[in-house]
Amino acid sequence: MKQVAFGISVCVVLILVVGAVQAASDGLESMVKPSYDEEGALRVPTDYREWVFVGASLGLSYSEEIKREGPGRFHHVYMQPEAYRQYRDEGTFPEKTMLVMENYSAGSKENPNLHGHFEDKRVGLEVALKDSDQFEDGWAYFNFTAAKGFRQTAKAFPKAACYDCHAEHAQDDNVFVQFYPILREAK
Ligand code: HEC
């Protein structure tokens with residue numbers, strides 16, 4: 001009798017596990033995927049402001065050459081909700097994860113008695129994308145910022161320009177999880 005009960009509980013656990021894995025992969029089907037043009041350039045993701053906002057930073061840089069006045073730029077990072085859920089539930093970034101980073105210049109009030117900074121002009125738009133079907137190293141990096149405004153498509157940078165610093169300094173799978181409270185808490 002005990003054996004039957006044990007057998008049943010093992011089955012129940014298996015069904016639950018299979019169900020959970022199934023639910024996670026079902027969720028990924030509806031995820032916004034990267035779109036490429038004929039030359040393999042990435043099209044700029046459009047509705048990323050409806051994605052999960054994972055964190056912001058101010059004036060952050062690993063480049064020692066950049067020394068500037070003022071607080072530097074605000075960075076906002078968004079990722080697809082489905083990719084976020086997989087990271088929260090399984091601790092991994094699924095294939096086709098996109099992290100979109102918007103940069104804003106820091107403004108300040110002209111009245112010197114009013115302290116602090118606000119986000120002024122949008123000055124940058126960059127994307128980190130995990131797509132092993134397209135890129136040998138898995139992650140690839142794109143900059144949609146143009147001299148005037150933003151471009152609609154962008155080619156992946158060579159490895160030394162972006163990937164290497166991410167691989168060396170980012171906490172988890174090339175992503176700077178250490179700076180994004182929503183991902184830190186999800187772990
Ligand atoms: C010298 C180090 C360094 C280099 C080189 C670098 N990054 Fe980053 N990157 C960072 C740091 C630090 C962050 C953390 C978030 C922030 O800056 O607010 C980051 C975050 C990002 C993010 C947000 C998602 C993530 O992976 O955490 C994107 C998108 C991004 N970088 C794009 C690029 C692109 C495009 C290039 C190449 C043109 C590049 N990066 C080169 C240091 C680097």
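Across the stretch 78-111, what is the number of residues that are surrounded by fewer than 18 Cβ atoms within 10 Å (Cβ to Cβ), farther than 23 Å from Phe142 by Cα and at pLDDT 95 or above?
4
Taking the options Gly91, Gly107, name whichever one is in contact with a Lys or Arg (Cβ under 9 Å, 6 or more places away or on another chain) and under 17 Å from Tyr180 (Cβ atoms).
Gly91
Out of all the residues in the stretch 133-166, which are within 16 Å of Gly40 (Cβ to Cβ), exposed (fewer than 13 other Cβ atoms within 10 Å of the Cβ) and out of contact with any strand residue (DSSP E or B) (no Cβ under 9 Å at 6 or more places or on another chain)?
Of everything in the stretch 133-166, those that are within 16 Å of Gly40 (Cβ to Cβ), exposed (fewer than 13 other Cβ atoms within 10 Å of the Cβ) and out of contact with any strand residue (DSSP E or B) (no Cβ under 9 Å at 6 or more places or on another chain) turn out to be Asp133, Glu136, Pro158.
For the stretch 63-77, how many residues meet the condition of being farther than 17 Å from Ala128 by Cα, out of contact with any Asp or Glu (no Cβ under 6 Å at 6 or more places or on another chain) and either of a type outside the set (Gly, Ala, Ser) or modelled with pLDDT of 85 or more (or both)?
Residues that pass the stated criteria total 9.
For Glu168, which of the numbered conditions (1) part of a strand (DSSP E or B); (2) more than 24 Å from Lys33 (Cα to Cα); (3) near the ligand (Cβ under 9 Å from one of its atoms) fails to hold?
(1)
Take the stretch 88-117 and flag every residue that is in contact with a Leu (Cβ under 9 Å, 6 or more places away or on another chain) and within 12 Å of the ligand (Cβ to nearest atom).
Once the filter is applied, which keeps residues that are in contact with a Leu (Cβ under 9 Å, 6 or more places away or on another chain) and within 12 Å of the ligand (Cβ to nearest atom), the stretch 88-117 yields Phe93, Thr97, Met98, Leu99, Val100, Met101, Glu102, Asn103.
Please go through the stretch 147-166 and give me each residue that is without any contact (Cβ under 8 Å) to a residue 24 or more places away in the chain and more than 16 Å from Val100 (Cβ to Cβ), ordered by number.
Ala147, Lys148, Gly149, Pro158, Lys159, Ala160, Ala161, Asp164 - these are the residues of the stretch 147-166 that are without any contact (Cβ under 8 Å) to a residue 24 or more places away in the chain and more than 16 Å from Val100 (Cβ to Cβ).
If I go through the stretch 174-187 residue by residue, how many of them are out of contact with any His (no Cβ under 7 Å at 6 or more places or on another chain), in a loop (DSSP other than H, G, I, E, B) and near the ligand (Cβ under 9 Å from one of its atoms)?
2
Can you pull out every residue in the stretch 118-144 that is assigned to a strand (DSSP E or B), among the charged types (D, E, K, R) and within 16 Å of the ligand (Cβ to nearest atom)?
Of everything in the stretch 118-144, those that are assigned to a strand (DSSP E or B), among the charged types (D, E, K, R) and within 16 Å of the ligand (Cβ to nearest atom) turn out to be Glu119, Arg122, Glu126, Lys130.
The values are calculated or read from the model by the stated rules, or taken from the named source; none is laboratory data. Remember, it's a predicted structure, so these values are computed and weren't measured experimentally. Because the Cβ atoms are built from the backbone with ideal geometry, glycine has one as well, and the counts that use them run over all protein chains shown.
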